[in-house]
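Just so it is clear, none of the values below were taken in a lab; they were calculated from the coordinates. On a predicted model such as this, the values are computed, not experimentally measured, just so you know. Note: ideal-geometry Cβ built from the backbone for every residue, glycine included; neighbour counts use all protein chains shown.
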Amino acid sequence: MEERIYTVTQFNKMVKGFIENNEYFQEFFLKGELSSVTYYKSGHLYFTLKDSKSQIKCAAFNYKYKKISETLKEGDSVKIFGDVGFYENRGDFQVLVRHIEKEDKLGEMYAKLEKIKEKLEKEGLFSMLYKQQLPKYPQNIGVVTAYTGAAFHDIINTTRKRFENINIYIFSAKVQGIGAKEEIVKGIETLNKIPEIDLIIAGRGGGSVEDLWAFNEECVARAFFNSKKPIISAVGHEIDNLLSDLVGDVRAATPTQAIEICIPVKKEIEKKLEDKKIYLEKELKRTLLQKEEKINNFKKNYILKNFKNIIEEKNYELMKREEKIENIMGKILKNYEHMLDIKVEKAISLNPMEILKRGYSITKINGQILKDSSQVKVGDEIENILKSGKIISEVKEITKV
């Protein structure tokens, strides 16, 4: 066979010619699921079209002029029309899209999902108020997933690497297709009835939108919400949040990440405990040395050494102060007695009876003390009160002074 040697440029040019001249690679239809949808300001649209096993890059240049929808999103099931384009300088190819149309089935599913989302949100199922905290050091974990799936093996392997003493309770359930939603609900409810289980992980590995749809079912979302035990939604996907993600207490990107979130690494805990032990031992020794030093300082203290003499001195000073207080109080009392005597003498001197004893009298008319001659008239009867007795007399004459 003749040896054929090409440069990269020559080879790519040949490939380009082969593709562009092959009618099977021009003007064809492809159907699949959208992923990595990106609209650019330049007016170009890029995305990946995939099915359960393969994917291909696609580009729609100047998509607006081709009347391509501006609302395409991750997970949309579509049918596209276009040609294969090969780029010589990069040596890769993509589908150059002329037209895109959504398939009704998935569109209806998403429309139904939006209604359920709206309903559950109004009921408060997405509220952070109802989110439960995960236990810091769980001992027993319940898992709802397919026993034969990769997710199950990832969970077991990751758990054993992080903390081999953790117990895993597996409820094997279908996680896609007919009957999946019922088995997922039953698994969550069953694990909730096991008292020793600390938390639950429910999920699966990645897949197409249809494969993951069981976790978008209303009954599954309500089972997550009604779980009395903290529950993690662990579904491997790149699309928008599933209902289980929105309702679960915690969302993990994959089952493996769920284990990483809820299970600490045993060796790290042991290291922290050892560091803490060393720290506490050092602190204890330091504290004991401080206390010992303080006691020795107390022993050397002048006050402690001369405590008896100091007490006697203080007692003597107290007695002197008490004597001084007694003298001061005595003087104050004498002053108060003298002042009281003066006030008593003054009060006695002002007593009307004392005045009468000196020859004075008190004159009244109608029981009132007579102070002015204008208070009486000729003929009035007046009363004169003396030291002993009183005189009743009649006014004969009034003289103004």
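Below are the figures for this structure:
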item	result
Bridge type composition, the chain - antiparallel percent by DSSP, nearest 5	65 percent
Percent of C-alpha pairs per 10 Å bin, the range 304-345, short to long	25, 24, 21, 15, 10, 4, 0
Share of pairwise Cα separations in the range 181-299, more than 20 Å, in percent	57 percent
Extreme residue, positive dipole direction of the chain, given options Gly179, Tyr46, Ile310 (C-beta unit charges)	Ile310
Per DSSP, loop GluC sites (Glu not before Pro) in the range 4-77 with at most 11 further Cβ within 10 Å	Glu27, Glu70
Shape box of the range 8-102 [Cα atoms, principal axes, largest first, Å]	41, 31, 21
Principal semi-axes in Å for the chain [√(5λ), Cα gyration tensor, largest first]	109, 43, 26
Low-density loop positions, GluC sites (Glu not before Pro), the range 127-218 - DSSP coil, at most 11 other Cβ in 10 Å	Glu164, Glu196
Unsatisfied cross-links (Cα-Cα over 28 Å) in the set Lys324/Lys346; Lys66/Lys122; Lys112/Lys174	Lys324/Lys346; Lys66/Lys122
Total charge dipole magnitude, the chain, about the Cα centre, Cβ charges on Lys, Arg, Asp, Glu only, Debye to nearest 20	2180 debye
Filter on Lys136/Lys276; Lys16/Lys64; Lys73/Lys117 - keep pairs with C-alpha separation over 25 Å	Lys16/Lys64
Local net charge near Ile278, Cβ-Cβ under 15 Å (Lys/Arg +1, Asp/Glu -1)	+2
